[in-house]
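For reference, the structure discussed in these notes is given below.
The values are calculated or read from the model by the stated rules, or taken from the named source; none is laboratory data. This is a predicted model, so every value here is computed, not measured. With ideal geometry, Cβ positions are generated from the backbone for all residues, glycine too; neighbour counts draw on all protein chains shown.
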Amino acid sequence: MKARLEHLRAPATTAFGEAVSFDEPMARHTLYKIGGPADVFVHATRLGLLRSAVRFAAEHALALHVIGHGSNLLVPDDGVRGLVVRAALTTARVEGTALTAGAGVALPQAAALAAKHALSGLEFAVGIPGTVGGALVMNAGCHGREIGELVERVDVVARDGEVRTLVRDECRFAYRTSALREQGVAVAGATLRLAPDDGAAIEQRMGEHRAWRADTQPHGRPNAGCVFKNPPGDAAGRLIDKAGCKGLGVGGAEVSTVHANFIINRDGATYADVTRLIETVRERVAAQFGIRLELELIILGADTEGTAH
Ligand code: EPU
């Protein structure tokens with residue numbers, strides 16, 4: 001079968017070589033293992049490829065979607081229109097108390113590198129399955145810490161394909177969001193400012209974080225982390241639990257019995273299964289508590305374009 005954007009095959013191959021594919025199944029690129037084909041998909045392992053992808057999307061009027069490990073992503077069964085670029089820049093280094101990492105570096109890897117250099121600040125990230133780029137866009141956090149607090153600068157690829165450096169204030173970090181998302185630009189990497197500390201103490205805190213997560217969050221079945229943001233002053237997990245939703249299922253999707261703010265892909269769940277379950281949970285929580293839960297999970301392609309990771 002011919003790709004939807006067959007006419008772009010020649011220019012895309014010229015621009016990206018083997019890094020481009022057409023009709024790429026997004027189920028391969030989300031931890032949920034859910035999602036239909038992306039029209040054009042670029043695996044950007046170098047800054048040059050990331051810049052070319054941003055420029056290519058602009059030149060051909062394609063919606064641009066940037067992803068990382070797909071750890072917080074839900075992709076529709078009929079896929080994503082436009083160009084999806086996976087920001088897979090994976091170099092990382094430490095100079096003094098600064099850790100500089102590409103957008104595609106895994107958070108646990110960044111945390112381990114910091115620990116190796118006896119630098120504190122990233123312990124909270126040791127069990128988060130996302131990338132540095134995704135964590136910045138979403139301002140990922142855990143145990144009262146957020147990655148935004150550590151940022152010294154973020155390098156982004158702007159719509160014109162040029163690299164710009166933003167300082168922390170320009171990123172406007174807030175609870176599970178930032179200006180990096182609104183701008184529809186691609187994060188290339190960042191420099192985080194850490195604090196010297198005792199290596200053994202850092203390792204111990206990381207161990208505690210891992211153990212806490214293993215006890216309180218589901219594992220072993222595909223999921224995309226917390227589905228809903230916590231409403232002010234409360235916890236979505238507590239409300240969903242109290243509304244009696246634990247174990248509720250639609251098709252292959254199920255509200256986790258371990259933590260109610262997780263929906264797991266129990267058995268071949270589709271986008272339709274997950275979204276129907278999301279609506280059921282929302283309705284029950286709204287009926288019982290009068291609170292409308294807001295999604296934390298990002299639905300790729302729900303806005304016309306975006307930076308999700
Ligand atoms: N709770 C229940 N039932 C449940 C789950 C939780 O009653 O099924 C209660 C807990 O007992 C606790 C409260 O709800 O009193 C809060 O639960 P928890 O401590 O697990 O934290 P959370 O608010 O649900 C947030 C983040 C997590 C992060 C943890 C740890 C959000 C939406 N979630 O969860 O982040 O790991 O704190 O700091 O902000 C994510 O962003 O994907 C994520 C998992």
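I'm trying to understand the selection: among the residues of the range 23-32, which are assigned to a loop (DSSP other than H, G, I, E, B) and either surrounded by fewer than 19 Cβ atoms within 10 Å (Cβ to Cβ) or among the hydrophobic types (A, V, I, L, M, F, W, C) (or both)?
Selection gives L31 alone.
Taking the range 202-243 on its own, how many of its residues are among the aliphatic types (A, V, I, L, M) and within 16 Å of G127 (Cβ to Cβ)?
5
Just the residues that are more than 7 Å from the ligand (Cβ to nearest atom) and in contact (Cβ under 8 Å) with a residue 24 or more places away in the chain, please, taken from the range 259-276.
Correct list: F262, I263, I264, N265, R266, A269, T270, Y271, A272, V274, T275, R276.
If you check every pair at least six apart or on different chains, which have Cβ atoms under 6 Å apart with a residue in the range 9-22 that is in contact (Cβ under 8 Å) with a residue 12 or more places away in the chain first and a residue that is of a type in the set (S, T, N, Q) second?
Close Cβ pairs satisfying both conditions: A15/S52.
In the range 1-26, which residues are hydrophobic (A, V, I, L, M, F, W, C) and in contact with a helix residue (DSSP H, G or I) (Cβ under 8 Å, 6 or more places away or on another chain)?
Across the range 1-26, the qualifying residues are A3, A12, A15, F16, A19, V20, F22.
Looking for something more than 23 Å from the chain's Cα centre (by Cα) and at positive phi - is there at least one such residue anywhere in the range 263-280?
To start, the set of residues in the range 263-280 that are more than 23 Å from the chain's Cα centre (by Cα) comprises 280.
Pick out the ones that are also at positive phi and you get none.
No, the conditions are met nowhere in the range 263-280.
Report whether or not V126 is away from the ligand (no atom under 15 Å from the Cβ) and either within 13 Å of A110 (Cα to Cα) or crowded, with 17+ Cβ neighbours inside 10 Å (or both).
No: the conditions fail for V126.
For the range 220-239, enumerate the residues that are loosely packed, with under 13 Cβ neighbours inside 10 Å and farther than 19 Å from R176 by Cβ.
G220, the sole residue that qualifies.
Touching a residue at least 12 places away in the same chain (Cβ under 8 Å) and on the phi > 0 side of the Ramachandran plot, is that true of G251?
For G251, the condition - touching a residue at least 12 places away in the same chain (Cβ under 8 Å) and on the phi > 0 side of the Ramachandran plot - is met.
Could you tell me whether the range 279-287 includes any residue that is part of a loop (DSSP other than H, G, I, E, B) and at pLDDT 95 or above?
Checked the range 279-287: no residue is part of a loop (DSSP other than H, G, I, E, B) and at pLDDT 95 or above.
Name the residues in the range 235-256 that are closer than 23 Å to Q288 by Cα, more than 8 Å from the ligand (Cβ to nearest atom) and not hydrophobic (A, V, I, L, M, F, W, C), would you?
G244, G247, G249, E254
If the requirement is being β-branched (V, I, T) and under 23 Å from G35 (Cα atoms), which of these qualifies: T131, T90?
T131
Please count how many residues of the range 180-218 are within 28 Å of T45 (Cα to Cα) and either out of contact with any strand residue (DSSP E or B) (no Cβ under 8 Å at 6 or more places or on another chain) or within 16 Å of the ligand (Cβ to nearest atom) (or both).
Here the count works out to 2.
Looking for whichever is modelled with pLDDT under 95 and on the phi > 0 side of the Ramachandran plot here; the options are G301, G233. Which one fits? Spell out the reasoning first.
Working: G233 fails: modelled with pLDDT under 95.
Unique residue meeting the criteria: G301.
How about the range 130-144: which of its residues are surrounded by fewer than 24 Cβ atoms within 10 Å (Cβ to Cβ) and either away from the ligand (no atom under 15 Å from the Cβ) or modelled with pLDDT of 95 or more (or both)? Give the steps one after another, and end with the answer.
Going residue by residue through the range 130-144, those that are surrounded by fewer than 24 Cβ atoms within 10 Å (Cβ to Cβ) are 139, 141-144.
If the condition is that a residue be surrounded by fewer than 24 Cβ atoms within 10 Å (Cβ to Cβ) and either away from the ligand (no atom under 15 Å from the Cβ) or modelled with pLDDT of 95 or more (or both), then N139 is the only one that fits.
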